[in-house]
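Written out below as structure tokens is the structure these notes cover.
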Amino acid sequence: MAQRIISDTLEEAMARNPHLRKYIDQFRRKYGKMPEFHAQLSRDMKDIMYPNILYPVGDPIFIHIYADPSTAEKQYIVIEPRIESKEEEEKYNMIRDKILEMAPTRDIPEEQEEFERFLDALFDEAVLSLVKSGKKGFGKGKKFTVTKDEMEKFRYLIKRDIIGIGPLEPLARDPYIEDIHIIGANNISLVHKIFEMMPTNITFGDDVKLADYFKNISERIGRPVSDRNPIVDGALPDGSRINIIYSPDISIKGPSATIRKFSATPISITQLIAWGTLSAEVAAYLWIALEYGMSVFVCGETASGKTTLLNSIIPFIKPGSKIFTAEDTPEVQVPHRVWQRLITRERGPEESRVTLFDLLKAALRSRPNYIIVGEIRGAEGAIAFQAMQTGHPVMSTFHAGDIKKMIQRFTGHPINVPITFIDNLNIAVFQQAVYVRGKFLRRTVSVVEIEGYYEELGGVATRNVFEWDPVADKHIFRGFNNSYILERKIAEIAGYEDPKDIYNELFLRARILQRMVELGITNYWDVYKEIKAFYLRGLEGLSFRI
């Protein structure tokens, strides 16, 4: 659905949206106060104990975050046009059925904007046809009539259900949501980037309607769910990852799903520095590592921010590079012009399926400068190590909490990488979701270099170059004047007479990144533009001075 107006003031919003005015009036009568209207949210709001905040996500949808002081439980309340009576429901169904009856006889455009205009015209035609036909309205023997407010309400709902993703459309539009959790028809909660986990007021009515909803959504994304095939992974039209568990004999509390929201614009490295996820020195170290073709894996547990960090450091790869990505669901974002983006095909006859293993084998033949695997889980990990061994740098995410567990998982079944090959991976970055002073934060807890396998040690030698100090919430550079990758790998390639001089380059790049943070250059594309300019013209290419 096309993004609509974002309102500047509450009065303007209420003037355009009668359903919002009605909600505000009811809220004011019940609680004796007004919500605070904000066109945009800031992370500082995380500290508000009892939020009463209203924000727009594009007309006619508004979100109210409210914590009642008597319970202190925050709620996520969607305010959108809703059907409020049996009569309205009957009218809406008649219009929708008329549209579905007329649509097969028309040429349906493929482009979304054109399709939206087409649906608008079809809606008007359907309403006019029903009014002219003299059809009776719900239960009263009246002719079919529609008020102006009903017209706008029904138009929105038709678009929401046909173009959008139905009752979850408001959540799809909200840029502040990370995850959505559906456990049965009346238990929809979410993880908000600022206000964390909250229940919502969204309902599907009953589990039968929710099951139908999941059937429709899964068919739209080409991964049909059924009692025979009850668990499905796929990507929604906006790129968000969805996992559906359909059958009631598996999901006891009703059909369920988890949606990981996709951000059209990735979070930039400078934004992560500003949030304290990692330091400018850690980012500068990764910048140099990626410039010189080191293989880097971002590791951590579920929801630790692995893919976010991976996407944020991809702009450090040289601008003229050819990049090959292989994923189950498309989450990796690459700003480079030469980007070959491939995803697996899990459905259909056995011989027509394409796995990550197949994609990585194809990657070795296409001679990319970097191979990026969305997530390594199984046998494709062995191919990734083969790629590194033949001189193809690889980036990926991987589930492991520390370097010891990472090595154990790679050398064990089903990946089975020989332990003597582990040093083909140069750097492992470990992410963690941490609880600090009452807040959940994501932090890069360590950056570890893999030096090599030594028989006399009976294992793999590694070095911690960065560690996160949870007490001070700071990143400590333990690898200063002691980095194997910087001094022994990169300094030699870069032609430094004294390998120690490479630390001056690291600190220079850290100052560049820190200066971008100070100047508020945190948009992903603006950051990439500065990095690209630095590659082309050095410090002279930057839009600022350090």
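The values are calculated or read from the model by the stated rules, or taken from the named source; none is laboratory data. Just so it is clear, the model here is predicted, and its values are computed rather than measured. As a convention, Cβ positions derive from the backbone with ideal geometry for all residues, glycine included, and neighbour counts pool all protein chains shown. Heads up: the accessible areas ignore ligands, DNA and RNA and are worked out on the full protein's heavy atoms, side chains in. Shrake-Rupley method; radii C 1.70, N 1.55, O 1.52, S 1.80 Å.
Can you give the Kirkwood hydrodynamic radius of the stretch 247-311 from its Cα pairs, in Å with one decimal?
Hydrodynamic radius (Kirkwood, Cα pairs) of the stretch 247-311 is 14.6 Å.
Extent of the stretch 286-333 along each principal axis, from alpha carbon coordinates, in Å, largest to smallest?
That gives 31, 20, 15 Å along the principal axes, largest extent first.
If you scale each eigenvalue of the Cα gyration tensor by 5 and take the root, what three semi-axes come out for the stretch 239-379, rounded to whole angstrom and sorted largest first?
29, 22, 12
Divide the volume of the convex hull of the Cα atoms of the stretch 378-418 by its number of residues and quote the answer in cubic angstrom per residue.
Details: hull volume 2.8 nm³, N = 41.
Each residue corresponds to 69 Å³ of Cα convex hull volume.
Rg(Cα) of the stretch 20-69 divided by 2.2 N^0.38 Å?
Ratio of Rg to 2.2 N^0.38 Å for the stretch 20-69: 1.16.
When the Cα atoms of the stretch 186-254 are enclosed in a convex hull and the volume is divided per residue, what value in Å³ results?
100
Multiplying the sequence separation of ALA472 and ASN93 by 0.36 nm and subtracting their Cα-Cα distance, what value in nm do you get?
130.5 nm
So what is the accessible area of the chain per residue, in Å², with the probe set to 1.4 Å?
Working: 25990 Å² over 546 residues.
Dividing the accessible area of the chain by its residue count gives 48 Å².
Do me a favour and compute the ellipsoid semi-axes for the stretch 44-101 from its Cα gyration tensor, root of five times each eigenvalue, largest one first, whole Å.
Over the Cα atoms of the stretch 44-101, the ellipsoid semi-axes are 36, 14, 7 Å.
How big is the stretch 359-400 by the Kirkwood estimate over distinct Cα pairs, in Å?
When all Cα pairs of the stretch 359-400 are included, the Kirkwood radius is 10.3 Å.
Tell me what the chain gives for mean residue ellipticity at 222 nm when only DSSP H runs of n ≥ 4 count, each as -39,500 (n - 2.57), the sum divided by the residue total, rounded to 500 deg cm²/dmol.
-10500 deg cm²/dmol
Tell me, Kirkwood radius of the stretch 406-456 from alpha-carbon pair distances, in Å?
Hydrodynamic radius (Kirkwood, Cα pairs) of the stretch 406-456 is 13.0 Å.
So, with +1 on the Cβ of K and R and -1 on the Cβ of D and E, and no other charges, what is the size of the charge dipole of the chain about its Cα centre, to the nearest 20 debye?
With only Lys, Arg, Asp and Glu charged at Cβ, the dipole is about 860 debye.
What ratio of Cα Rg to 2.2 N^0.38 Å holds for the stretch 236-275?
Numbers: Rg = 15.9 Å, N = 40, 2.2 N^0.38 = 8.9 Å.
That ratio works out to 1.77.
Per 5 Å bin, what is the whole-percent P(r) computed from every C-alpha pair distance within the stretch 350-460?
2, 11, 19, 22, 17, 12, 8, 5, 3, 1, 0
Taking only the alpha-carbon positions of the stretch 121-249 and ignoring solvent, what does the Debye formula give for the base-10 log of I(q)/I(0) at q = 0.20 Å⁻¹?
For the requested q values the scattering log ratios are -1.16.
For LYS33 and ALA433, FRET efficiency with R0 = 25 Å and r from the beta-carbon atoms, rounded to 0.05?
With a Förster radius of 25 Å, E is 0.15.
Could you calculate the contour length gain from ASP44 to ASP498, that is, 0.36 nm times the residue separation minus the distance between their Cα atoms, to one decimal place in nm?
Extending this stretch completely gives an extra 158.9 nm.
What ratio of Cα Rg to 2.2 N^0.38 Å holds for the stretch 407-546?
It is 1.28.
Given the C-alpha atoms of the stretch 22-139, compute the convex hull and give its volume per residue in Å³.
Given the Cα convex hull of the stretch 22-139, per-residue volume reads 165 Å³.
Beyond 19 Å between alpha-carbons counts as too far, so tell me which of LYS74/LYS159; LYS261/LYS405; LYS500/LYS532; LYS98/LYS153; LYS86/LYS159 fall in that bin. Kindly include the intermediate steps, with their values, before the conclusion.
Details: LYS74/LYS159 30 Å; LYS261/LYS405 28 Å; LYS500/LYS532 26 Å; LYS98/LYS153 17 Å; LYS86/LYS159 21 Å.
The pairs that break the limit, which is 19 Å between Cα atoms, are LYS74/LYS159; LYS261/LYS405; LYS500/LYS532; LYS86/LYS159.
Using unit Cβ charges (K, R positive; D, E negative) and no other charged atoms, how large, in debye to the nearest 20, is the dipole of the stretch 109-250 about its Cα centre?
860
Placing one identical point scatterer on every Cα of the chain and ignoring solvent, what is log10 I(q)/I(0) from the Debye formula at q = 0.07 Å⁻¹?
-0.49
Regarding the stretch 487-546, what are the three Cα extents along the principal axes, ordered largest first, in Å?
35, 20, 19
If the only charges are +1 at each Lys and Arg Cβ and -1 at each Asp and Glu Cβ, what is the size of the charge dipole of the stretch 88-128 around the Cα centre, to the nearest 20 debye?
200
So if I take the centroid of the Cα atoms in the stretch 164-228 and the same for the stretch 285-343, what is the distance between those two points in Å?
Cα centroid to Cα centroid, the span is 29 Å.
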